[in-house]
Amino acid sequence: MRSEAEVNRAVDRYADMVQRVCFYHLKNRTDTEDVFQNVFLKYMLSDELFGDSEHEKAWLLRVAINACKDYLKSFFRRNVVSLEVLNEIEAEVSEDYREVLEAVLSLPEKYKDTIYLHYYEGYTAAEIGKILGKKENAVYSMLSRGRGMLREKLGGDWIGK
């Protein structure tokens, strides 16, 4: 376990970097704060010996990225929606798009995630692959199949390629 002074030095030095990485992955300030705390808790409890500050920085980056991925894959994250988010979604989604959103959310999990991340969150296939732990070509296949399922549900050619 590291000393309080050592942890405080690391927080002072790397806090902004860890917060940016977490926010980039999670797109949510509250989740970013949770993961940020976990990253520095792991740092505090770690017995890892660092050769230099670059090694320490790389270790923190890797821990932060992995913690974000774990958080995104967690049961709680995938199966719970806060009331604030639900109210925001309802307020933001007009009646014209409500049917489309409901169709997207009714897709099987792997297609729903890829369609949602691509069209609603604006991620590229490569980014989705990193988030979901899939190859980029697999993401393209899931997007194509998901669009096909949506065409069947909604009828017509509602979505671009």
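The values are calculated or read from the model by the stated rules, or taken from the named source; none is laboratory data. Not measured: the values here are computed from a predicted model. All Cβ positions, even for glycine, are placed from backbone atoms using ideal geometry, and neighbour counts span all protein chains on display. We work out accessible area using only protein heavy atoms, side chains counted, and drop any ligands, DNA or RNA first. Shrake-Rupley method; radii C 1.70, N 1.55, O 1.52, S 1.80 Å.
Of the listed peptides 53-66, 138-151, what is their order by residue-averaged count of other C-beta atoms within 10 Å, with the highest listed first?
138-151, 53-66
Stretched out fully, how many nm does the piece from LEU61 to VAL100 gain, at 0.36 nm a residue minus the Cα gap?
Details: separation 39, 0.36 × 39 = 14.04 nm, distance 3.74 nm.
Here the answer is 10.3 nm.
Could you state how much accessible area ASP47 has, in square angstrom rounded to the nearest 10, with a 1.4 Å probe and all protein chains kept in place?
Taking all protein chains as shown, ASP47 has close to 120 Å².
Of the cross-linked pairs LYS69/LYS134; LYS57/LYS135; LYS130/LYS153; LYS42/LYS112; LYS69/LYS110; LYS69/LYS153, which ones have a Cα-Cα span greater than 23 Å in the structure shown?
Working: LYS69/LYS134 13 Å; LYS57/LYS135 27 Å; LYS130/LYS153 28 Å; LYS42/LYS112 33 Å; LYS69/LYS110 16 Å; LYS69/LYS153 31 Å.
Exceeds cut-off: LYS57/LYS135; LYS130/LYS153; LYS42/LYS112; LYS69/LYS153.
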